[in-house]
């Protein structure tokens, strides 16, 4: 099946919707959510000044895409480039600059740093800011900490969207998904969840209409095969995701109770919660969002990942208008998605020149 521009847009926009909806109730207990929004919980945005605000989950994923396109462009235009993980590191550090009103560098690489709607200070974990300000970022071999939270998990969404057979094979994209998370989160449960998510997104991108359950199982098995000999946590993640699939196939269960049982706190639990929300939605985006955010865990993270998965599968046109109308960064995310879809249109020695692309990915929007 041909790759669809609508799938790219749907993925980034769906992620932002889930993030913005979940942000309102993030880390609040289910009882508190019911007290504020009624017995069925939050059923849509809780707007601030008429806008739906996104958080670092959307911001980091977008900056990851920016960094990967920066690397791709340098490779094609200049004939030289570093490993892709270096560009993700550069873009992540520039995202940190967006989170402060002082000390922004005069020379920048990411054009998104000049888009205010993707630079609001809504970081979901200040420890991540500290980590990104250190001289050396984490790697799989030399983790920077033991953090297993989901705060960098959405970087793997950007990695999955970047997949192309001509750039790298599936194992390389899976490893890059793990490496992107490991820059700031050193627990294997966090970065191995990144490998699963990158695999799932890249496979869905090539065939968005494929049944979700087999692709989830494939992504988990691929992670176990590639990393299981080194990390016992690979089997813990597989068990969590299997539980989510089993719950989704069990009729009559209360969805909130299942989400509470899954925990939805660590990166692996958030991944399992997002899989459950997607599998039980019947392909309905709105239903998936309501399930994804109504629980006592990391609502914004689960919402962002579930939104990305379903947005990619369904395409932009399937996202309800009432979610899009007040989503502040919608136009920027569409532009970024279109850039991911087309890829760098220029090559070294080619007479074709794209002024807008040059402005964004060689001059950092300056």
message: Quick test of your reading of the structure: residue 77 fulfils all but one of (1) surrounded by 17 or more Cβ atoms within 10 Å (Cβ to Cβ); (2) at pLDDT 95 or above; (3) outside any loop (DSSP other than H, G, I, E, B). Name the failing condition by number.
response: (2)
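On the basis of being out of contact with any helix residue (DSSP H, G or I) (no Cβ under 8 Å at 6 or more places or on another chain), surrounded by fewer than 24 Cβ atoms within 10 Å (Cβ to Cβ), on the phi > 0 side of the Ramachandran plot and at pLDDT 90 or above, does residue 38 make the cut? Before you say what the answer is, go through the steps one by one.
Working: out of contact with any helix residue (DSSP H, G or I) (no Cβ under 8 Å at 6 or more places or on another chain): yes; surrounded by fewer than 24 Cβ atoms within 10 Å (Cβ to Cβ): yes; on the phi > 0 side of the Ramachandran plot: yes; at pLDDT 90 or above: yes.
Judged against the criteria, residue 38 is a match.
If you take the residues in segment 94-121 that are in a helix (DSSP H, G or I) and in contact (Cβ under 8 Å) with a residue 40 or more places away in the chain, which one is surrounded by the most Cβ atoms within 10 Å (Cβ to Cβ)?
First pass over segment 94-121, keeping only residues in a helix (DSSP H, G or I): 94-98, 111-114, 116-118.
Narrowing the set further to residues that are in contact (Cβ under 8 Å) with a residue 40 or more places away in the chain leaves 111-114, 117-118.
Numbers: 111: 23, 112: 27, 113: 22, 114: 14, 117: 17, 118: 23.
Ranking the candidates gives 112 first.
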- request: Inspect segment 227-234 for any residue being in contact with a helix residue (DSSP H, G or I) (Cβ under 6 Å, 6 or more places away or on another chain), touching a residue at least 24 places away in the same chain (Cβ under 8 Å), under 17 Å from residue 139 (Cβ atoms) and not in a helix (DSSP H, G or I) and give the result as yes or no.
  value: yes
- line: Within segment 141-170, of all residues that are more than 19 Å from the chain's Cα centre (by Cα), modelled with pLDDT of 95 or more and over 27 Å from residue 27 (Cα atoms), the one surrounded by the most Cβ atoms within 10 Å (Cβ to Cβ) is 142
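Taking helices (runs of 4 or more DSSP H) that do not extend beyond segment 249-294, which have at least 2 residues that are surrounded by fewer than 24 Cβ atoms within 10 Å (Cβ to Cβ)? So that I can check it myself, show each step before the final result.
Numbers: elements: 255-262, 267-279, 285-293.
Once the helices (runs of 4 or more DSSP H) in segment 249-294 are filtered for at least 2 residues that are surrounded by fewer than 24 Cβ atoms within 10 Å (Cβ to Cβ), what remains is 255-262, 285-293.
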Residue count, segment 122-135 (criterion: assigned to a helix (DSSP H, G or I) and buried (at least 19 other Cβ atoms within 10 Å of the Cβ)): 3
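What residue, of 219, 195, 180, is without any contact (Cβ under 8 Å) to a residue 60 or more places away in the chain, buried (at least 22 other Cβ atoms within 10 Å of the Cβ) and under 20 Å from residue 60 (Cα atoms)? Let's see the steps before the verdict.
Values: 219 fails: under 20 Å from residue 60 (Cα atoms); 180 fails: without any contact (Cβ under 8 Å) to a residue 60 or more places away in the chain.
Residue meeting the stated conditions: 195.
The values are calculated or read from the model by the stated rules, or taken from the named source; none is laboratory data. These numbers come from a predicted model, not from an experiment. We place every Cβ from the backbone using ideal geometry, glycine too, and count neighbours over all the protein chains shown.
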